[in-house]
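Nothing in this text is a laboratory measurement; each read-out follows from the coordinates by a stated rule. Since the structure is predicted, the reported quantities are computational estimates derived from the model, not experimental observations. All Cβ positions, glycine included, derive from the backbone under ideal geometry; neighbour counts span all protein chains shown.
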Amino acid sequence: MQEKLDKRDRAAQFRLRLARAMQDRSISQSALARMIGVDRSTVSQLLSDDGARLPNAHVVGSCASALGVSADWLLSLSDRPESAAELLASSLTMTEAPRALVDERIFEWHQQAAGYKIRYVPAALPDMLKTRAVLEWEYAPHLGRTADQAIGASADRLTWMRSAQSDYEIAMPLYEIDSFAHASGYYEGLDRQVRLNQIDHLLDLCDQLYPRLRIYLYDAKRLYCAPMTIFGPLLCVFYAGSHYMAFRDRDRIELFSRHFDTLVRQADMTARHFPAHLQQLRAAITDAEM
């Protein structure tokens, strides 16, 4: 929230910021005058007038455009000198997302956030927690000859998670793990033994990595969240199918972090109870085949 300034203080701040922007860009009074279409004496007056009067909006806007700063910053309405377009460009980026496992950008984001808590809502089961058999079943048709390389990248991410000083919180809808266990919906046709091995793998990981790895299950009929990853206070990335949308401004990261925390608080299955739920699903698979 900006501090409220009276007219005289705002005018003084305008002069200081105008002079600072000119100095930062090595632009003289004469050069600025030519750029904004006024006499040099007009620029000199803008910099030296000690009154409470501010220049008109046209002059302020022209100065801001010529100096590559925002008019709001010159007028002390913002603490950020960047223009609105520059702020938007830096706070939101779009990155192409391949179908599976071959995008190094996600791994780089994990590495950059080392030491921070990682909050993750996956689109399906988290890739780095999947067995090789599940990865091959899911992604081999899309990867072709690069399957081994891509699956190795998934293993690298799990290795990184084991060694990094980050806590990982994963929130998934209840139906996701249940659909997997019963080979329904997205997982239709997945072999029984592959499912059993995957559940055993998840149980092992929970035993080895808890509490640094915590998995929560929430009821999607009450709550919804698009696939996203929050890398501490650094950025929040949404998965939109063909692209990742990465937000870097603090307010949005805090907003999405609070939404994730709501998923955790209202989870039907906490991280402590997740292994017991896996055991029940495993028993149901075994009983169904008897």
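Seen from Leu46, the other residues with C-beta closer than 14 Å to its C-beta sum to a net charge of +3, counting Lys and Arg as +1 and Asp and Glu as -1. DSSP beta bridges in the chain, what fraction antiparallel, as a percent rounded to 5? So the antiparallel bridges amount to about 65 percent of the total.
The label point for Gln208 and the one for Arg25, both projected 7 Å from the Cα toward the Cβ, are 5.5 nm apart. Would you look at the GNM of the chain, springs on alpha carbons closer than 10 Å, and say which of Ser41, Ser242, Ser166 moves the most? Most flexible of the set in this elastic network: Ser41. The length gained by stretching the chain between Ala140 and Gln13 to full extension, at 0.36 nm per residue less their Cα-Cα distance, is 39.6 nm.
Relative to the current alpha-carbon distance between Asp251 and Tyr116, full extension at 0.36 nm per residue lengthens the span by 46.9 nm. If you average the sequence gap of Cα pairs under 8 Å that are 6 or more apart and divide by the length of the chain, what percent do you get for the contact order? Once divided by the residue count of the chain, the mean separation gives 19 percent. Taking 35 Å as R0, compute the FRET efficiency from the Cβ-Cβ separation of Asp6 and Thr42 and round it to 0.05. Plugging the Cβ-Cβ distance into 1/(1 + (r/R0)^6) gives 0.90.
So for segment 7-82, averaging the separation of alpha carbon pairs under 8 Å that are six or more residues apart and normalising by length, what relative contact order in percent results?
Rounded, it is 38 percent for segment 7-82.
Using 0.36 nm per residue and subtracting the Cα-Cα separation, the extra length available between Phe107 and Ser65 on full extension is 11.3 nm. In the chain, the DSSP-assigned H stretches of four residues or longer account for a calculated mean residue ellipticity at 222 nm of -16500 deg cm²/dmol, using -39500 (n - 2.57) per stretch and the full residue count as denominator. Here segment 167-187 is scanned for amide nitrogen atoms under 17 Å from the site 7 Å beyond the Cα of Ala288 along Cα-to-Cβ, giving 174-187.
The C-alpha atoms of the chain define a longest principal axis, and helix 250-265 lies at about 30 degrees to it.
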